[in-house]
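The values are calculated or read from the model by the stated rules, or taken from the named source; none is laboratory data. Please read these numbers as outputs of a predicted model, since none were measured by experiment. A quick note on method: Cβ atoms are made from the backbone with ideal geometry, for glycine too, and the neighbour counts reach across all protein chains shown. Note: accessible area is taken over every heavy atom of the protein model, side chains too, but ligands, DNA and RNA are not part of it. Shrake-Rupley method; radii C 1.70, N 1.55, O 1.52, S 1.80 Å.
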Amino acid sequence: MSDGIRKAWLLEYLIAYAEHHGGQLSSLQPKKGKVQIINFRTLPESSEEWVWADVSDKVHCVAVRFTMEAVKSFNSDRRNAGRRLTSRRWGIATIRCTGPFLCRPPTQNGKGLEDELTIALVIDQVEVAGSEGEAMFGDPRCVTKEEPMRRWLAGLRHGSGGNVLQLERLQRDMEEKEARTSADKEKPLLPTRSIETMLKVGVSSSKSNGKASTDKQKQNQWMTSMKDLGLVLAYECGKIPEAQRRILENVAVFDLHSPSTQQLPTERYPLGK
């Protein structure tokens, strides 16, 4: 049944949240995923209380708080045959979390609260598929022990550094944009293929089954080959050297300035003449 959790997602979700929202933990970023419920920190008798637990994606684990609405909905669902949520330890569950929050959750044995503030997820929907009574899948590590989470959590605790991962992402985006801009500036205006090669493509494309094409077909075929090689824009902007412009105007299947009146010339001007 461990195959029911096919992808670890808890750490990826929290890093993405931190990179986009920073220290604004009131922002909502709903996410559905499969987990194993590995522990219940509280076992309330009433559905009018939050249920605290720990869930795992086989690689990482994190504290969660099921909302009262989620608990009520689960306990009253006929598909659960009267079994309460707190009786489904080790079960594989599909949960929907709305986002993380900073808190001092109950200790894992339910006696008192943890000493330090930590990250927990709010769960507003839960469905348990089965696997109760099985062993824990994998060897999950607390997600807050991972280096990005440690830095984010340290900033949140001090109230001033919760944007650390967000600022790092913005810096990476800026550097990548500058790198792309620099690469675009270094690209040559003309394609690597020679003008002569392009002209052969243009001339040969004007023939169809040994019969002359119509002026409109010639125009469309020539423009297609020109667009493919990025030369039309260069021609119109005057970026092609004069010698190459002469070749284009004399070997093209039509005059670029008057496509409907010119025929294919027979004379070619060599490059540089």
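Taking region 20-59 as the region of interest, how many residues are buried (at least 18 other Cβ atoms within 10 Å of the Cβ), among the acidic types (Asp, Glu) and at pLDDT below 95?
Within region 20-59, residues that are buried (at least 18 other Cβ atoms within 10 Å of the Cβ), among the acidic types (Asp, Glu) and at pLDDT below 95 number 0.
Out of Asn80, Asn75, which single residue is out of contact with any Gly (no Cβ under 8 Å at 6 or more places or on another chain), open to solvent by 30 Å² or more (accessible area, probe 1.4 Å), over 18 Å from Trp152 (Cβ atoms) and of a type in the set (S, T, N, Q)?
Just one listed residue meets the conditions, Asn75.
Could you grab the pairs with beta carbons closer than 9 Å, sequence gap of 6+ or different chains, first residue in region 112-124 and on the phi > 0 side of the Ramachandran plot, second one at pLDDT 95 or above and surrounded by 10 or more Cβ atoms within 10 Å (Cβ to Cβ)?
Within 9 Å, the pairs are Gly112/Pro106.
Could you grab me the full set of residues in region 103-145 that are of a type in the set (Val, Ile, Thr) and under 34 Å from the mean Cα position of the chain (by Cα)?
Thr118, Ile119, Val122, Ile123, Val126, Val128, Val143, Thr144
Hey, can you tell me all the residues within region 1-34 that are in contact (Cβ under 8 Å) with a residue 24 or more places away in the chain, of a type in the set (A, V, I, L, M, F, W, C) and either in a helix (DSSP H, G or I) or under 14 Å from Arg169 (Cα atoms) (or both)?
Leu10, Leu11, Leu14, Ile15, Ala18
With respect to the numbered conditions (1) in contact (Cβ under 8 Å) with a residue 12 or more places away in the chain; (2) touching a helix residue (DSSP H, G or I) at 6+ places or on another chain (Cβ under 8 Å); (3) under 30 Å from Gln166 (Cβ atoms), which one is the sole condition not fulfilled by Pro140?
If we test Pro140 against (1) in contact (Cβ under 8 Å) with a residue 12 or more places away in the chain; (2) touching a helix residue (DSSP H, G or I) at 6+ places or on another chain (Cβ under 8 Å); (3) under 30 Å from Gln166 (Cβ atoms), just (2) comes out false.
Looking at this structure, is Gly91 under 24 Å from Trp50 (Cα atoms), among the small types (Gly, Ala, Ser) and touching a residue at least 60 places away in the same chain (Cβ under 8 Å)?
No; evaluated as a whole, the condition is false for this residue.
Out of the residues in region 87-141 that are in contact with a Leu (Cβ under 8 Å, 6 or more places away or on another chain) and either assigned to a loop (DSSP other than H, G, I, E, B) or of a type in the set (Lys, Arg) (or both), state the one that is surrounded by the most Cβ atoms within 10 Å (Cβ to Cβ).
Once the filter is applied, the top-ranked residue is Pro105.
With the requirement that a residue be in a helix (DSSP H, G or I), closer than 15 Å to Ala16 by Cα and open to solvent by 60 Å² or more (accessible area, probe 1.4 Å), what does region 148-170 give you?
The answer is Arg150, Arg151, Leu167, Glu168, Leu170.
If you take the residues of region 1-18 that are modelled with pLDDT under 95 and of a type outside the set (A, V, I, L, M, F, W, C), which of them is surrounded by the fewest Cβ atoms within 10 Å (Cβ to Cβ)?
For region 1-18, the residue satisfying everything is Asp3.
Here are Arg65, Arg41: which of them is among the charged types (D, E, K, R), touching a Gly at 6+ places or on another chain (Cβ under 7 Å) and either without any contact (Cβ under 8 Å) to a residue 40 or more places away in the chain or more than 23 Å from Val164 (Cβ to Cβ) (or both)?
After ruling out the rest, the residue left standing is Arg41.
Taking the criterion of being at pLDDT below 90 and part of a loop (DSSP other than H, G, I, E, B), would at least one residue in region 78-85 satisfy it?
Yes, region 78-85 has at least one match.
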